[in-house]
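Participant: What follows is a single structure, and I will ask about it in a moment.
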Amino acid sequence: MNNDNRYSSHNHHDYDDMDKLKHEHGITDEHGDHKDQHQVHHDGHDHSGHSGHDHHHHGNFKELFLKSLPLGIIIMLLSPMAGFDLPFQFTFPYSDIVVAILSTILIIYGGRPFYQGAVDEFKQKEPGMMALVSLGLSVSYLYSIYTVIASYVTGEQIMDFFFEFASLLLIMLLGHWIEMKAIGEAGDAQEELAKLVPKDAHVVLEDDSIETRPVADLKVGDLIRVQAGENVPADGTIERGESRLNEALLTGESKAVKKGPGDEVIGGSTNGEGVLYIKVLETGDKSFISQVQDLISQAQSQPSRAENIAQKVAGWLFYIAVIVALIAFVVWTLIADIPTAVKFAITTLVIACPHALGLAIPLVTARSTSLGASRGLLVKDRQSLEIAQDADVMILDKTGTLTTGEFKVLDVKLLNDKYTKEEIISLLAGIEGGSSHPIAQSIISFAEHQDIRPASFDSIDVISGAGVEGKAGGHRYQLISQKAYGRNLDMDIPKGATLSVLVENDDAIGAVALGDELKATSKELIKALKKNNIEPIMATGDNEKAAQGAAEDLGIEYRSNQSPQDKYELVKTLKDEGKKVIMVGDGVNDAPSLALADVGIAVGAGTQVALDSADVILTQSDPGDIESFIELAHKTTRKMKQNLFWGAGYNFIAIPLAAGILAPIGITLSPAVGAILMSVSTVIVAINAILLSLDPKNNG
């Protein structure tokens, strides 16, 4: 049958152009080789300098805190706070020596991670957070040891800071324990994904017997059996059996998906009611889950612009704190005495400790990455979230992005009273019964869904360049294009649809409109983009008529007959005009444009080029997920700004206060209060990050 001539409404993408552009712009099909123009600056960046992350590897803060707590409590019970004896405190002969010994043990054990972190910072020539804590601990401890020695040598009683030292260390350890717990809760997407894959698989042998093997031992080509309720051990295709699979944790799709022979399944999805026999296609690090885990890991380890700002601010705070502490020490030594000067210097160093600042961005991005992954948004480049909220234009591919990518029956019209609509559908399905063409199959599938049996035809022949004809029940029928029919039909045709007319003895008795229909969430996406002042432009390889129909339905600007080269030039032109551009495409034909755009979003994670070219990957082909990405970008950036304020803003007020600038009017901060305020700020930052959430998904 020559149905291709009737329904040739789509131009094919120019794959030669695509390959040429991929070669010219460094886009390859080999995973990891791709470097796009706006990501090159990450290369060679030494993440080890981010001491805000690395110091957490220096110890289990829960264990350190719980083991340090008894020592700290004893020290605080035996030491006056800032020289004042509290009701719960007591002393005995040589109790100060006991306190000095316990403090030495405490600083060696509990202080270890802070000093190791400080060493890392100084090696990187970037003193900051850990250096400040170490400085505060060292000054309070050493000065207090000096007071004990001096009291026995000279007999003079000098105020010590053991209480402040112990309370600072305990509060810092507790704060870190809380922070690490928050990070763990925010960034557990990889572990949750790993849990989805069962440890063992049931392999079907040649004699149909079943052998249980570890999933790690599976090979491509193995046939595995998955019982109802079990998780699929590996990516593959169904050989036998039908079932509904729940892929919600992998793709974000909340509804179970019906699948049968020939359909692909993802390792980690949950089998519903049927028994499936699956041929393994991918294992190990090539599997879908492994790729997702790699992307999450890359995103969480990558510094963002806001994080770099936070690191710079932390560095400045270190120098400001040290300078202000020195000035406070000198001034208070001149106008009061050394113990008073030490008190203000220590308080200044304690209050300035910018741990909240150091965790402000990592906590938000860890939570954001995890949240995105749960929605089927794989954010490879974290900077894309910051860039997207300032985007001016979004270029969208049509087929497979805004539309389903499959021809479907959009409408069936009855044009003769002698027939019912069901009879017309039966005739349409019957006359297309001998064709394997996708459009013919869409008509047959439409009849099946309506539970309408195809009419039985005695003979079916092709009408070259026009359609098909056949005989049934003594009548001659033709299904031909509107152009071949040659007469106007008084009927509404869906925009961008292809119309075929069912003719009996030269009289039109029915018509079927076929088209690549819009996805349910496409219109909502366009509304959301306009609401966020992002101009949507559809760029498609389809012809003018098909492109115009879809664009008018959506109410957006469009470009038709676009080759990969044309799309690339469109992105380039818009960027040259100073606009921030987001490109959304299928990751193959659109690879050059995805790479060039400020943010590239690939629809579907099935191709290597998508993984290489895009900054963001939508694991399910749902335009609604683009809306979720824009929402995530705005909310993530807002949380970053809020956390930067809490993490750094209070320092610029508290440092002068801690240095004693308001002491003449009776307002001062003790080291213990300084430590509490600093930890409160840290906890606020952690809670604020955890509260990052997306609106419930509307599946249209």
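The values are calculated or read from the model by the stated rules, or taken from the named source; none is laboratory data. What you see is a predicted model, and the numbers here were worked out from it, not measured in a lab. Positions of Cβ are generated from backbone atoms using ideal geometry, with glycine treated the same way; all protein chains shown enter the neighbour counts.
Participant: Inside segment 610-623, can you point out the residues that are at pLDDT 80 or above and under 15 Å from the mean Cα position of the chain (by Cα)?
Facilitator: Selection gives 615, 616, 617, 618.
Participant: Go through (1) at negative phi; (2) surrounded by 24 or more Cβ atoms within 10 Å (Cβ to Cβ) and name the single condition residue 376 misses.
Facilitator: It fails just one condition, (1).
Participant: What are the residue pairs meeting all of these: first residue in segment 382-395, first residue under 15 Å from residue 602 (Cα atoms), second residue assigned to a loop (DSSP other than H, G, I, E, B) and among the hydrophobic types (A, V, I, L, M, F, W, C), Cβ atoms under 6 Å, and 6 or more apart or on different chains?
Facilitator: Sorted first by the residue in segment 382-395, then by its partner, the pairs are 394/534.
Participant: If residue 335 passes every condition in (1) in contact with a strand residue (DSSP E or B) (Cβ under 6 Å, 6 or more places away or on another chain); (2) at pLDDT 85 or above but one, which one does it miss?
Facilitator: All conditions pass for residue 335, except number (1).
Participant: Considering only helices (runs of 4 or more DSSP H) fully contained in segment 317-409, which possess at least 2 residues that are under 29 Å from residue 562 (Cβ atoms)?
Facilitator: 383-388
Participant: Can you pull out every residue in segment 420-429 that is buried (at least 17 other Cβ atoms within 10 Å of the Cβ) and of a type outside the set (S, T, N, Q)?
Facilitator: 424, 425, 427, 428, 429
Participant: Regarding residue 188, is this residue surrounded by fewer than 17 Cβ atoms within 10 Å (Cβ to Cβ) and either at pLDDT 85 or above or more than 30 Å from residue 639 (Cβ to Cβ) (or both)?
Facilitator: The answer is no for residue 188.
Participant: Consider only pairs whose beta carbons are under 6 Å apart and that are at least six residues apart or on different chains; among these, list those whose first residue lies in segment 142-165 and is assigned by TED's automatic domain parsing to the domain that holds residue 102 and farther than 21 Å from residue 105 by Cβ and whose second residue is in a helix (DSSP H, G or I) and of a type in the set (S, T, N, Q).
Facilitator: Matching pairs, first to second residue: 157/151; 158/147.
Participant: Among the strands (runs of 3 or more DSSP E) contained in segment 496-550, which hold 1 or more residues that are within 27 Å of the chain's Cα centre (by Cα)?
Facilitator: In segment 496-550, 507-518, 535-539 are the strands (runs of 3 or more DSSP E) which contain 1 or more residues that are within 27 Å of the chain's Cα centre (by Cα).
Participant: Let me ask something additional. Only one of these conditions is not met by residue 176: (1) closer than 20 Å to residue 79 by Cβ; (2) part of a helix (DSSP H, G or I); (3) at pLDDT below 85. Which number is it?
Facilitator: (1)
Participant: Among the candidates 578, 606, which residue alone is in a loop (DSSP other than H, G, I, E, B), at pLDDT 90 or above and either surrounded by fewer than 20 Cβ atoms within 10 Å (Cβ to Cβ) or touching a strand residue (DSSP E or B) at 6+ places or on another chain (Cβ under 8 Å) (or both)?
Facilitator: So the residue among 578, 606 that is in a loop (DSSP other than H, G, I, E, B), at pLDDT 90 or above and either surrounded by fewer than 20 Cβ atoms within 10 Å (Cβ to Cβ) or touching a strand residue (DSSP E or B) at 6+ places or on another chain (Cβ under 8 Å) (or both) is 578.
Participant: Taking the options 528, 508, name whichever one is under 20 Å from residue 413 (Cα atoms) and either touching a residue at least 12 places away in the same chain (Cβ under 8 Å) or out of contact with any strand residue (DSSP E or B) (no Cβ under 9 Å at 6 or more places or on another chain) (or both).
Facilitator: 508
Participant: Return the residues of segment 206-230 that are of a type in the set (Gly, Ala, Ser) and either outside the structural domain of residue 266 (by TED's automatic domain parsing) or not in a loop (DSSP other than H, G, I, E, B) (or both); say none if nothing qualifies.
Facilitator: 216
Participant: Any idea how many residues of segment 382-416 are closer than 21 Å to residue 635 by Cβ and out of contact with any helix residue (DSSP H, G or I) (no Cβ under 7 Å at 6 or more places or on another chain)?
Facilitator: Counting residues in segment 382-416 that are closer than 21 Å to residue 635 by Cβ and out of contact with any helix residue (DSSP H, G or I) (no Cβ under 7 Å at 6 or more places or on another chain) gives 5.
Participant: Strands (runs of 3 or more DSSP E) wholly in segment 455-494 with at least 1 residues that are surrounded by fewer than 17 Cβ atoms within 10 Å (Cβ to Cβ), of a type outside the set (Ser, Thr, Tyr) and within 53 Å of the chain's Cα centre (by Cα) - which ones?
Facilitator: In segment 455-494, 459-463 are the strands (runs of 3 or more DSSP E) which contain 1 or more residues that are surrounded by fewer than 17 Cβ atoms within 10 Å (Cβ to Cβ), of a type outside the set (Ser, Thr, Tyr) and within 53 Å of the chain's Cα centre (by Cα).
Participant: Right, next: Among 125, 67, which is the only one that is within 43 Å of the chain's Cα centre (by Cα), assigned by TED's automatic domain parsing to the domain that holds residue 329 and on the phi < 0 side of the Ramachandran plot?
Facilitator: The match here is 67.
Participant: Looking at (1) surrounded by fewer than 22 Cβ atoms within 10 Å (Cβ to Cβ); (2) out of contact with any Pro (no Cβ under 7 Å at 6 or more places or on another chain); (3) in the same structural domain as residue 457 (by TED's automatic domain parsing); (4) of a type outside the set (Ser, Thr, Tyr), which one does residue 432 not meet, given that it meets all the others?
Facilitator: The one condition residue 432 does not meet is (1).
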